[in-house]
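Take a look at the structure set out below.
The values are calculated or read from the model by the stated rules, or taken from the named source; none is laboratory data. Quick caveat, the model's predicted, so the values are computed rather than measured. Note that each Cβ is placed from the backbone with ideal geometry, even for glycine, and that neighbours are counted across all protein chains shown. Just so you know, the surface numbers come from the protein's heavy atoms only, side chains and all, with ligands and any DNA or RNA stripped out. Shrake-Rupley method; radii C 1.70, N 1.55, O 1.52, S 1.80 Å.
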Amino acid sequence: MIAIGGAIGTGLFLGSGGTIATAGPGGALLAYAIIGIMVLFVMQSLGEMSTHLPVAGSFQTYASRYVSPSFGFATGWNYWFNWAITLATELVAGGVIMSYWFPDVPGWVWAAIFLAVLTGLNWLSARAFGEGEFWFALIKVAAVVVFLILGVLMIVGILGDSSPGFSNWTTGEAPFVGGWLSVVAVFMIAGFSFQGTELVGVAAGESSNPKKDMPRAIRSIFWRIMLFYILAIAIIGFLLPYTDPSLLASDVKNVAASPFTLVFDRAGILLAAGVMNAVILTAVLSAGNSGLYASTRMLYSMAKVGLAPKLFARLNARGVPVMSLLATAAIGLFAFISSIFGESAAYFWLINVSGLSGFIVWVGISWSHFRFRRAYVRQGNSLKDLPYVAPFFPVGPILALVVMLVVIAGQNYQAVLDGKVLEMVSSYIGLPIFLLVWLIRRLVKGRAEGLVPLEQVDVSGLEVSSDGEESGVQPGHSGA
């Protein structure tokens with residue numbers, strides 16, 4: 001449920017309309033299918049590594065061991081920054097959404113309340129986080145299932161005034177609008193929508209039986225997510241023409257224009273906008289909850305191996321890294337700055353600054369897996385000893401890397417072509433920052449943190465702390 005819930009959020013509820021308006025129903029479907037296959041490869045790579053070595057700071061650990069310590073350092077801080085800032089953006093969005101019901105209450109008040117609630121959930125225990133995330137995910141999944149059922153009934157003519165049939169797939173330039181450039185543009189939106197699926201890699205570090213749970217999650221998550229996204233995009237394409245102006249108006253300030261709201265409204269659901277506003281609020285809180293959990297565990301993991309101050313490696317009696325939690329929650333205070341500069345402007349800047357970081361993490365996962373598998377085999381190990389084996393190696397991680405590099409390079413090509421310098425900087429700033437952190441760490445530490453030779457890669461499956469000792473203590477387990 002964490003994996004499914006992590007990928008169902010505002011990208012589907014609000015952003016899906018924009019994809020159809022940009023590329024048409026056929027172009028949007030094609031883009032989501034391609035990105036979905038890429039995500040499958042990334043998740044299979046993560047599944048193989050996280051079942052072999054389940055740790056809370058999985059991405060940083062894998063990048064450090066299988067690529068280079070300096071790359072792992074940059075990956076860890078990048079992921080922490082990504083989700084810590086995402087927490088802030090979701091708090092801003094939560095304040096905007098609440099203005100639907102309480103227009104006179106400042107957004108920062110709701111941001112403060114939500115920050116306190118999410119911090120409290122994560123403070124209690126990993127179990128409390130998991131329980132909260134389960135219910136958040138369940139609400140989102142239920143909303144999508146109801147949408148799919150009602151949409152199919154409307155398409156076949158059982159609900160609504162009349163069935164549009166295939167008319168919206170043949171109107172104007174449909175089904176493919178704008179050619180390949182439009183499909184590439186939707187790649188970016190689809191990629192952002194799928195971000196969060198990698199959270200299962202963090203959760204594996206605190207699963208009671210990761211060698212059993214992770215393969216099951218990996219095998220099922222792709223088909224479930226593709227089912228939700230592909231069917232949802234198809235239904236929206238059947239029911240709403242790509243020329244509908246409301247498709248481009250979907251954002252956190254205009255929930256009435258959400259494709260989901262429009263379909264529910266036409267199906268005769270009373271108070272459709274209010275219902276979808278509540279569901280979207282759930283999605284926002286879920287993303288904030290996951291972001292706080294993931295970034296807290298990443299900071300803890302880095303502190304444990306000496307890549308962050310030791311203070312952040314402290315666990316309370318319930319196995320929660322509280323100092324890492326408080327430091328990450330403090331980043332959520334960025335949400336309050338929005339009350340000064342305006343909520344929409346703050347949300348735009350924060351989401352653009354952090355957005356690229358998720359793709360960088362996916363690149364790190366694929367690269368780490370490629371080198372892990374090669375080192376594992378070269379050192380004489382048998383694939384039969386791995387709890388889970390990614391079936392499409394080496395094609396899977398290589399294709400995923402190629403697609404992700406295309407997405408990263410072209411994520412806002414329009415701003416580059418139009419010469420919009422400020423917009424271009426906000427979109428791409430995450431990449432040079434990541435490369436700079438990686439380079440500086442490499443130069444400071446010297447050859448010791450260069451690319452690890454395959455013969456020397458640690459494929460033992462044992463976690464090692466900063467003092468070089470093997471460690472079995474994981475957050476959430478209280479050292480037991």
Quick calc: nm separation of the 7 Å Cα→Cβ label points for Ile429 and Ile230 -> 3.9 nm
Taking a crude spin-label model, label points 7 Å out from Cα along the C-beta direction, the Met1 to Ser163 distance in nm is 3.5 nm
How far, in nm, would the chain grow between Lys445 and Arg314 when pulled straight, counting 0.36 nm per residue and subtracting the alpha carbon separation? 44.6 nm
For region 1-107, run through the chymotrypsin sites (Phe, Trp or Tyr not before Pro) and keep only the ones in DSSP coil with at most 13 other Cβ atoms within 10 Å of their Cβ. Trp101
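Hey, with R₀ at 22 Å, roughly what FRET efficiency would Val406 and Ala33 work out to, going by the Cβ-Cβ distance, to 0.05?
The value I calculate is 0.90.
Using 0.36 nm times the number of residues separating Arg374 and Glu173, minus their current alpha carbon distance, what extension gain do you get?
Once the chain is fully extended between Arg374 and Glu173, it gains 67.7 nm.
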State, to one decimal in nm, how far the label point of Ser246 lies from the label point of Leu454, with both points 7 Å from Cα in the Cβ direction. 5.6 nm
Between Ser220 and Leu148, 0.36 nm times their residue separation minus their Cα-Cα distance comes to what? 24.0 nm
Once every DSSP H run of n ≥ 4 in the chain is given -39500 (n - 2.57) and the sum is divided by its residues, what mean residue ellipticity at 222 nm do you get, rounded to the nearest 500 deg cm²/dmol? -23000 deg cm²/dmol
By accessible area of protein heavy atoms, probe 1.4 Å, what ranking do Ser45, Ser207, Ser163 get, highest first? Ser163, Ser207, Ser45
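Out of every Cα pair in the chain, what percent are spaced more than 32 Å from each other?
So the pairs more than 32 Å apart make up 38 percent of the total in the chain.
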